[in-house]
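To start, the structure under review is shown below, and the notes come after it.
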């Protein structure tokens with residue numbers, strides 16, 4: 001994702017790359033960011049998070065929850081806007097993000113892809129129409145190196161569906177099935193997870209009725225849509241002083 005973000009920023013005439021940050025000790029430290037994507041840019045990759053963030057108007061963060069919270073505090077101190085694409089944050093961590101957004105503008109979304117966020121809107125509509133007589137299952141697939149499951153996108157799909165149906169996802173979600181499970185409870189929302197190879201990200205929601213099945217799917221062929229969406233989110237934050245937003249806000253889908 002870091003390389004994709006660098007490439008998307010360098011190709012955008014309205015954006016400027018001022019810092020590229022990696023873990024201290026990374027073999028990429030000191031290399032020119034442009035070299036990583038075959039483009040011209042002499043900004044060096046740095047392990048100095050404080051100095052890197054201080055140069056920016058906005059930080060785009062696709063890391064891990066622990067790192068994101070550290071970066072969030074640095075952004076808050078330096079009044080730097082933040083786009084967070086990190087998944088796997090706990091409820092407590094999400095509350096920390098919300099608190100920080102009282103001081104700085106933040107776009108926090110489990111998936112930055114424009115296409116995926118259009119799917120969220122379609123799921124809200126479909127769930128309201130297919131609220132009776134349809135069992136809902138969410139199937140997601142990602143590469144073998146992904147460490148959290150279900151994906152943040154799948155969970156957000158579940159939240160959108162549950163909200164549309166007036167349900168609490170924490171109470172109605174079923175994560176995988178094994179053994180003699182009995183008949184399916186029609187009030188549940190099921191999740192199934194696949195991990196393997198280099199799958200970038202596939203998500204399908206199935207509305208299974210009697211004699212028919214409606215499927216709404218999104219399949220990512222590369223990570224570039226996430227980078228382009230994140231850059232769009234960064235442009236959205238320009239000029240804002242504070243506030244917590246998501247991609248539905250960025251795309252005007254509210």
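The values are calculated or read from the model by the stated rules, or taken from the named source; none is laboratory data. Keep in mind that what you see is a predicted model, and the values were worked out from it rather than measured. Note that each Cβ is placed from the backbone with ideal geometry, even for glycine, and that neighbours are counted across all protein chains shown.
At-a-glance table
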item	result
Which listed residue is in contact with a strand residue (DSSP E or B) (Cβ under 9 Å, 6 or more places away or on another chain), in contact (Cβ under 8 Å) with a residue 60 or more places away in the chain, outside the structural domain of residue 166 (by TED's automatic domain parsing) and more than 30 Å from residue 204 (Cβ to Cβ), from 75, 58	58
Sole residue being touching a residue at least 40 places away in the same chain (Cβ under 8 Å), out of contact with any strand residue (DSSP E or B) (no Cβ under 8 Å at 6 or more places or on another chain), under 24 Å from residue 230 (Cα atoms) and not assigned by TED's automatic domain parsing to the domain that holds residue 184, chosen from 124, 148, 103	103
Contacts under 6 angstrom Cβ, first residue in segment 233-254 being free of Cβ contacts under 8 Å to residues at least 40 places away in the same chain, partner surrounded by 14 or more Cβ atoms within 10 Å (Cβ to Cβ), 6 or more apart	254/248
When residues of segment 81-99 are limited to those that are in a loop (DSSP other than H, G, I, E, B) and under 14 Å from residue 233 (Cβ atoms), the one farthest from the chain's Cα centre (by Cα)	86
In segment 29-47, the residues that are touching a residue at least 24 places away in the same chain (Cβ under 8 Å) and out of contact with any helix residue (DSSP H, G or I) (no Cβ under 9 Å at 6 or more places or on another chain)	47
Tally of residues being part of a strand (DSSP E or B) and without any contact (Cβ under 8 Å) to a residue 12 or more places away in the chain across segment 182-222	2
